[in-house]
Structures are given as structure tokens and as C-alpha cells.
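A short worksheet on the structure shown next.
The values are calculated or read from the model by the stated rules, or taken from the named source; none is laboratory data. Note that this is a predicted model, so its numbers are computed, not measured. Note that we place each Cβ from the backbone using ideal geometry, even for glycine, and neighbour counts take in every protein chain shown. Only protein heavy atoms, including side chains, enter the accessible area calculation; ligands, DNA and RNA are left aside. Shrake-Rupley method; radii C 1.70, N 1.55, O 1.52, S 1.80 Å.
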Amino acid sequence: MDEYSLQTILADLPIPAIQHFKITGSTNDIAMAWCETNAADGSLVVADTQTSGRGRLGRRWITEEGSALAFSLLLRPTPAETRHLGLFSALAGLAVSQALKNDFDLDAEIKWPNDVLLKRRKVCGILTEAVWRGSLLSGLIVGIGINIAPSSVPPDKELLFPATSIEQELGNSVEMSQFLHSVLTSFFVWRPHLGDSVFFQAWEKHLAFFGEWVQVKTGFAANQEDSIGQIIGISSKGNLRLRSASGEELQVTVGDVHLRLVHE
Ligand code: BT5
């Protein structure tokens with residue numbers, strides 16, 4: 001990929017500017033720096049390789065050369081969107097899931113809150129970061145990493161959860177810039193639905209482990225007990241709704257959560 005070909009391929013989308021790197025630290029870091037300038041909503045940073053790709057809470061995201069998509073969208077959320085900032089990761093997850101269905105007929109699931117799975121293996125990670133100026137929101141960076149070729153999948157010892165790539169599940173090769181176009185198209189189609197009923201229905205429809213018993217570990221407090229329950233849906237705030245063994249409803253808010261199937 002290069003900047004010129006990306007500009008051509010993405011020309012029909014509301015993307016006013018693109019920066020492409022053969023190699024960079026993290027596209028989210030580049031987008032955050034760009035956010036401090038007058039870069040407009042929808043500006044895009046794409047990299048072929050990341051040397052310090054980031055996951056949540058300081059975890060690493062591995063992007064091997066030319067085998068994966070790694071990109072960050074710089075958004076300037078509207079006041080209405082600002083009320084739903086926490087839902088942008090799910091929006092990105094929906095966009096990726098929809099693109100996988102449209103382009104390859106692959107049924108992806110969203111592991112709450114923000115991983116996209118194919119056959120219960122992680123194919124995509126999403127890191128959304130807000131940039132504040134004092135108490136005012138300056139921008140939101142939506143960083144998306146998608147494993148395309150088998151070589152993008154890190155060795156097991158690097159993984160907290162099993163991983164896969166699109167080509168592994170499909171058995172065919174994938175044209176990366178075309179798939180990027182599909183994901184971004186889907187993102188901009190879904191964006192006006194952020195937080196509405198159609199959005200929550202689609203999210204629930206894609207929710208991994210629906211009806212299954214899971215254990216959710218919230219990592220902030222050392223003495224915090226895990227929540228164990230059967231997944232029954234998503235609340236209007238984007239919380240995960242669980243039903244405990246005693247029939248009580250529990251809600252888990254997005255934080256440092258590790259969601260696992262019970263008895264796995
Ligand atoms: C995420 O964090 O899954 C968010 C990843 C976001 C990556 C994108 S790439 C573009 C942009 N620029 C960045 O610097 N980041 C964003 P988390 O849920 O914390 O998961 C991180 C964990 O995923 C790691 O600890 C590993 O276990 C695992 N992992 C790392 N690389 C992976 C890969 N390529 N495929 C599958 N799993 C991976």
C-alpha cells in the first residue's frame with residue numbers, strides 16, 4: 001500500500017486526509033499527535049508494520065510486516081456522539097464484522113467489549129482513545145488491527161486468547177486495501193446509528209457467547225470478585241448483562257475485563 005493508492009481506493013469515503021507509513025511505532029500515536037493540529041474528522045493513519053502497536057492497558061498489539069491491517073481513524077465527535085463515546089469501539093467491531101460478512105460471507109462475533117472473533121479466535125483488536133484539552137474533548141482515535149495473512153498471528157506465548165487471520169478462516173488470499181475500504185465504508189454507514197436501537201440490536205446479534213456462562217474478571221481492584229453469569233445481552237449504556245446462578249441480573253461496565261467461558 002502507499003498513500004496515493006489508498007487515496008484512490010478510499011476516494012468515495014468521507015476521509016479528508018491520509019498518512020501512510022511502511023513502518024511506524026503505533027498508528028494511534030501518530031493520530032493522537034495529528035489530533036493536536038487542525039486535522040479534520042475522518043483523517044486516517046495506516047501502517048504496514050507497527051513496532052510498538054498498543055492494546056489496552058499497556059498490552060502489545062503485534063503487526064508483522066505487510067500481513068495485517070493497522071489503522072487509526074481520527075474523529076471529531078459531534079456533541080450527540082460525545083454522549084456515547086464508550087460505544088465507538090463496538091461501532092468499529094460492528095463495522096469489521098459487517099465487512100467480513102459482506103466481502104467473504106464470514107460470520108464474525110464480537111467478544112464484549114471490543115474483540116472481533118472468527119470461530120472463537122481473535123481476528124481483530126480495537127483500541128479507542130480520547131484526546132482531551134482540559135475538560136473539552138478534542139478528538140477520538142479509533143485504532144483497528146486486523147489479522148489478514150496467517151503470518152500476522154502471533155505465537156501462542158504472546159496471546160491471552162486464541163487468535164486467527166482472515167485468510168486462515170477463508171482459505172483464500174485477501175486484497176488488503178479493498179478490505180480496508182469495506183471496513184471503513186461499513187464504519188461510516190454505522191456511525192449515524194451510534195447508540196440507537198438498530199445499533200444495539202446489531203451488536204447483540206453479533207455478541208459472542210450469548211446465552212453461555214462466562215466469567216468476567218475486572219482487573220482494577222485486587223480484591224474484586226469475578227462476575228460469573230449467563231450472557232443475556234447489552235444494556236442501553238453498552239454494559240454486558242449477565243444473569244447469575246441465583247437469577248439476579250448483573251451488569252459489567254467496560255474497564256479492564258477478561259471475559260472467558262466457564263468450564264473451558
Ligand atoms: C486490543 O487490545 O485488542 C487492541 C488492539 C488495537 C490494535 C490497533 S492496530 C492500529 C492501532 N494502533 C495501535 O497501536 N493499536 C491499534 P487488548 O484487548 O488489550 O488485546 C491485546 C492482546 O491481544 C495482547 O496482550 C495479546 O495477547 C493479543 N494480541 C497481540 N497481537 C495480536 C494479534 N496480532 N492478533 C491477535 N491477538 C493479538
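Here are some residues: Ser182, Ser227. Which one is touching a Ser or Thr at 6+ places or on another chain (Cβ under 9 Å) and either open to solvent by 20 Å² or more (accessible area, probe 1.4 Å) or at pLDDT 95 or above (or both)?
Result of the check over Ser182, Ser227: Ser227.
Which of the residues that make up region 81-110 are of a type in the set (Lys, Arg) and modelled with pLDDT of 95 or more? I'd like the intermediate steps shown before the answer.
From region 81-110, those of a type in the set (Lys, Arg) are 83, 101; that's our starting set.
Of everything in region 81-110, just one residue is of a type in the set (Lys, Arg) and modelled with pLDDT of 95 or more, namely Lys101.
Taking the conditions exactly as written (within 13 Å of the ligand (Cβ to nearest atom) and either of a type in the set (Gly, Ala, Ser) or part of a helix (DSSP H, G or I) (or both)), does Ser89 satisfy them or not?
Yes: the conditions hold for Ser89.
One line per residue, one yes/no per condition, for (1) within 18 Å of Ala68 (Cβ to Cβ); (2) not in a helix (DSSP H, G or I):
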| position | (1), (2) |
| --- | --- |
| Gly125 | yes, yes |
| Ala130 | no, yes |
| Ser138 | no, yes |
| Pro154 | yes, yes |
| Leu160 | yes, yes |
| Glu169 | yes, no |
| Ser173 | yes, yes |
| Val183 | yes, no |
| Trp190 | no, no |
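Would you pick out the residues in region 117-147 that are open to solvent by less than 20 Å² (accessible area, probe 1.4 Å), within 18 Å of Phe188 (Cβ to Cβ) and within 10 Å of the ligand (Cβ to nearest atom)?
Within region 117-147, Cys124, Ile126, Ile141, Val142, Gly143, Ile144, Ile146 qualify.
Select from region 99-118 the residues that are part of a loop (DSSP other than H, G, I, E, B) and over 19 Å from Ile232 (Cα atoms) and list them in ascending order.
Initially, region 99-118 is screened for residues part of a loop (DSSP other than H, G, I, E, B), giving 105-107, 112-114.
Asp105, Leu106, Asp107, listed by residue number.
May I ask you to list the residues in region 148-184 that are small (Gly, Ala, Ser) and touching a Lys or Arg at 6+ places or on another chain (Cβ under 7 Å)?
Passing the criteria: only Ala163.
Going by the conditions given, is Ser52 open to solvent by less than 20 Å² (accessible area, probe 1.4 Å) and either within 18 Å of the chain's Cα centre (by Cα) or within 23 Å of Glu175 (Cα to Cα) (or both)?
no
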